[in-house]
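> The following block contains the structure, expressed as structure tokens.
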Amino acid sequence: MEPDVKRDERILIIDDQSLSQSYLRYALEQLRYHNISYADRAQTALNLCKQNNYELIICAYNLPKGKDGYQLFEELKATGLHKLSCGLIFISAETEPALVHSVLELQPDEFLAKPYVIRDLQQRIERVLRRKQQLRPVYEQLEHQQYNAALNLLNQQLTQAELHKLFPLFLKLKGDILLLQQKYTEALTFFNAMLQIQPFGWARTGKVRCLLHINEEQQAFAELELMLARTETRLFALDCLSELEFRQQHYQQAQQHILAAADIAPRNLLRQQKLLQLSRLNHDYEMQYRAARDMVKFARHSMHEQPDLYFNLARASIDFALSSEDSEQQNRLNRQATLSLNTVQRQFGQQNLSDAQQVLQARLLYLQDHREKARQLLAELSEQNEIESLEDALDKAKALHEVGLSEASRKLFNRISQYCRQQQPEPAFAAYLLQEQQERSAMAHGPRELNNNAVRLYQHGNWQEAFSAFSLAWQVMPKNAGIALNLWQTLLTSPRPLCSALQRQQLLQQCQQLIESSKLRTEQLQRYEQLKQKHLSKLA
């Protein structure tokens, strides 16, 4: 027999709609719950949770003037205001998959879609409270990090046959505790035993975590491939596969996996940050921009909103604009970068330009073809400022290179590298830094001038130099159809081989695929058609 639910639990209802609040009040009173508090917005709820301990929180998604229900739930968990012993039921009239998956990642005890009936609400409430009541002693031990004591309590409860309906929950919690204790070999044995009983999703994910920690990556890969096909484990599998592909320097595959995960649950900002970092490594400026934009969108009003998010959006806008040949798109991105900088000044009270803002202003001037003004603005900045933000420092190094201050850029890159050796930054950033340093040392000019310089070399018959320059430009801007067309033309019209026959064939195919999937300008399209007709036999 499961324990009876008491009726004196303290319950907090968070909902701004009076009708919804009234219905919940009526439903709870019908169920004989009377110790109820109400909040109609996130800040009120946060204040109440600081002042009181609740056994149950019922949180609606739609809240006015600031944080929505997702952001509130996230902050309650992150700040410890939501205790393990407190149940949380998330309620939403919006049930689009992206929101549902994002909320479920935060692991509420229940997700209830509006409209609902009292009977359904009663079942959810009593199920949650029953679980929390039974596990309260275990949760108290966990909150004090007394893991062995918590395991002992769980093992005792697993011997009580009358609690058999709660056994799956007890077993999942036991697996979680073994992982917290970092007993990966013991945990792996436990998860394998659970999978022999039933293919629990939590046991599959626990098993993979153990395999990764004991460096059994090949077996983890095999497990994850199977988990991709299961709805309840697909998101976890995509995240893990992305990390494994990154470790093997398969950056394109890593990006594809994390992008698929971000499409499923887009409100996870850590995942969006990983998508941004991987897209930078792959020179995918459009995806870098999308990830930076989504981070600003989903962080708005949340505990994560800060100036760096707007700086990253401005940087991504500029990087994307510099790689684009579409003047309208460049103008839109220019406006977005300007808006992001203005938002920092307006919203965070930074009226005096910081070095990071001044660097971005210089990059905007460079984007607008005011190179000398940009150069002058950067020259005014001190070269010896302490590195406080790696992103700010890297952006400055890029900006110095773009305007032709190559020696200052090289010195700053070296300082950043030395700093990173001491601080050990996030691996994706370290990989991006190394890539930027290597590519920019190979470029006498910024990415924008690289293609123009290659065109001049081509026009003067410097075939090999032009091929090298176009190849580097395409490496840096792999989605620029104009550069692909120039490289394709160089390979086709050169009077002598510029690379091996196999490399030439691969480059021709890759360039042509991009060209034919892109929207070319009239002049580019005419040139492409003429080249195809003239060199048709070479393409066969």
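Bear in mind that the values in this text are calculations on the coordinates, not laboratory data. Source: prediction; values computed, not measured. As a convention, Cβ positions derive from the backbone with ideal geometry for all residues, glycine included, and neighbour counts pool all protein chains shown.
> Once you place label points 7 Å from the Cα toward the Cβ at His34 and Gln181, how far apart are they in nm?
4.5 nm
> Of the cross-linked pairs Lys50/Lys114; Lys396/Lys479; Lys207/Lys479; Lys77/Lys165, which ones have a Cα-Cα span greater than 30 Å in the structure shown? Before the final figure, lay out the partial values.
Details: Lys50/Lys114 28 Å; Lys396/Lys479 24 Å; Lys207/Lys479 39 Å; Lys77/Lys165 27 Å.
The pairs that break the limit, which is 30 Å between Cα atoms, are Lys207/Lys479.
> Report, by chain and number, residues whose modeled amide H sits under 5 Å from the one on Leu63, excluding near sequence neighbours (fewer than 5 apart, same chain).
Gly69
> Ok, one more. In debye to the nearest 20, how big a dipole does region 447-539 give about its Cα centre with +1 on each Lys and Arg Cβ and -1 on each Asp and Glu Cβ?
120 debye
> Would you please classify the overall shape of the chain from the alpha carbon gyration tensor, given that a ≥ b ≥ c denote the square roots of the eigenvalues, rounded means a/c under 1.5, and beyond that prolate means a/b larger than b/c while oblate covers the rest?
Verdict is prolate for the chain.
> In which sequence would Glu516, Glu449 go, from the one with the fewest C-beta neighbours within 10 Å to the one with the most?
Working: Glu516 11, Glu449 15.
Lowest to highest Cβ neighbour count: Glu516, Glu449.
> For the charge dipole of the chain, defined by +1 on Lys and Arg C-beta atoms and -1 on Asp and Glu C-beta atoms about the Cα centroid, which residue among Gln357, Leu104, Asn331 has the Cα displaced farthest towards the positive pole?
Asn331
> Specify whether the C-alpha gyration tensor of region 447-539 places it in the rounded, prolate or oblate class, a ≥ b ≥ c being the square roots of the eigenvalues: rounded for a/c under 1.5, otherwise prolate if a/b is larger than b/c and oblate if not. Each step should come with its number before you reach the end.
Values: a/c = 1.31, a/b = 1.05, b/c = 1.25.
Judged from the Cα gyration tensor, region 447-539 comes out rounded (a/c under 1.5).
> Out of residues 5 or more away from Ile57 or on other chains, whose amide H comes under 5 Å of its own, with H placed 1.01 Å from N in the peptide plane?
The list, which skips near neighbours in sequence, is Leu12, Gly87, Leu88, Ile89.
> Give the separation of the Cα centroids, region 92-132 to region 25-85, in Å.
With region 92-132 and region 25-85 each reduced to a Cα centre, they are spaced 14 Å.
> Quick one: Asp319, Asp8, Asp109, Asp395, fewest Cβ neighbours within 10 Å first, how do they rank? Kindly include the intermediate steps, with their values, before the conclusion.
Values: Asp319 26, Asp8 9, Asp109 18, Asp395 23.
Ranking Asp319, Asp8, Asp109, Asp395 by Cβ neighbours within 10 Å, fewest first, gives Asp8, Asp109, Asp395, Asp319.
> While we're on this one: Using alpha-carbon positions, what is the distance between the centroids of region 265-288 and region 427-475, in Å?
That distance is 24 Å.
> Let me ask something additional. Would you mind getting me the FRET efficiency between Glu162 and Gln424? Use the beta-carbon distance for r and R0 = 60 Å, nearest 0.05.
0.70
> So, in Å, what gap is there between the alpha-carbon centers of region 330-397 and region 195-248?
Distance between centres, Cα-based: 42 Å.
> Where nothing but the Cβ of Lys and Arg (+1) and of Asp and Glu (-1) is charged, how large is the charge dipole of the chain around its Cα centre, in debye to the nearest 20?
540 debye
> Still on this structure, please answer the following. Taking the beta-carbon count within 10 Å as an exposure proxy, list Ile483, Ile58 from fewest neighbours to most.
The most exposed by this proxy come first: Ile58, Ile483.
> Shape verdict for region 30-143, please, from the Cα gyration tensor: rounded (a/c under 1.5), prolate (a/b greater than b/c) or oblate.
Rounded is the answer for region 30-143, as its axis ratio a/c remains below 1.5.
> Taking θ = phi - 60°, what integer Hz values does the Karplus form 6.51 cos²θ - 1.76 cosθ + 1.60 yield along region 356-365, in sequence order, with x for Gly and Pro?
4, 5, 5, 4, 5, 4, 5, 5, 5, 4
> Explain nothing, just compute: Karplus ³J(HN,Hα) = 6.51 cos²θ - 1.76 cosθ + 1.60, θ = phi - 60°, for every residue of region 73-86 in order, whole Hz, x for Gly and Pro.
4, 4, 6, 4, 5, 5, 8, x, 6, 9, 6, 4, 7, 9
> Which angle between 0 and 90 degrees, to the nearest 10, do you get for helix 285-299 versus the longest principal axis of the chain when only C-alpha atoms count?
30 degrees
> Add -39500 (n - 2.57) for each DSSP H run of 4 or more in the chain, then divide by its residues: what number comes out at 222 nm, to the nearest 500 deg cm²/dmol?
On the way: 27 runs with 371 residues, N = 540.
After summing the helix terms and dividing by residue count, I get -22000 deg cm²/dmol.
> Here's another thing I want to ask about it. Considering only Leu173, Cys511, Gln530, whose Cα is most displaced toward the positive end of the charge dipole of the chain, charges sitting on Cβ of Lys, Arg (+1) and Asp, Glu (-1)?
Ranked along the dipole, the leading option is Gln530.
> Then there's this: Tell me which residues come under 5 Å, amide H to amide H, from Leu112 once H is placed; ignore anything under 5 positions away on its chain.
Correct list: Phe90, Ile91, Ser92.
> For helix 522-534, what angle does its Cα long axis make with the longest principal axis of the chain, in degrees from 0 to 90 and rounded to 10?
70 degrees
> What are the ³J(HN,Hα) values, in whole Hz, obtained from phi via the Karplus relation 6.51 cos²θ - 1.76 cosθ + 1.60 with θ = phi - 60°, for each residue of region 188-196 in sequence order, with x given for Gly and Pro?
These are the phi-based 3J(HN,Hα) values: 4, 4, 5, 5, 4, 5, 5, 5, 6 Hz.
> Please find the FRET efficiency linking Asn148 to Arg25, where r is the Cβ-Cβ separation and R0 is fixed at 41 Å, and quote it to the nearest 0.05. The partial results should precede the final answer.
Values: r = 43 Å, r/R0 = 1.05.
About 0.45, to the nearest 0.05.
> Now a separate question. Starting from the Cα of Glu94, step 7 Å along the direction of its Cβ; do the same at Arg415; then give the gap between the two resulting points in nm.
About 4.4 nm separates the two model spin labels.
> Nearest 10 degrees, 0 to 90: what angle lies between the long axis of helix 390-402 and the longest principal axis of the chain (Cα atoms)?
Compared with the principal axis, the helix lies near 20 degrees.
> If R₀ is 30 angstrom, what is the calculated FRET efficiency for the pair Asn452 and Gln358, using the beta carbon separation as r and rounding to 0.05?
On the way: r = 27 Å, r/R0 = 0.90.
It comes to 0.65.
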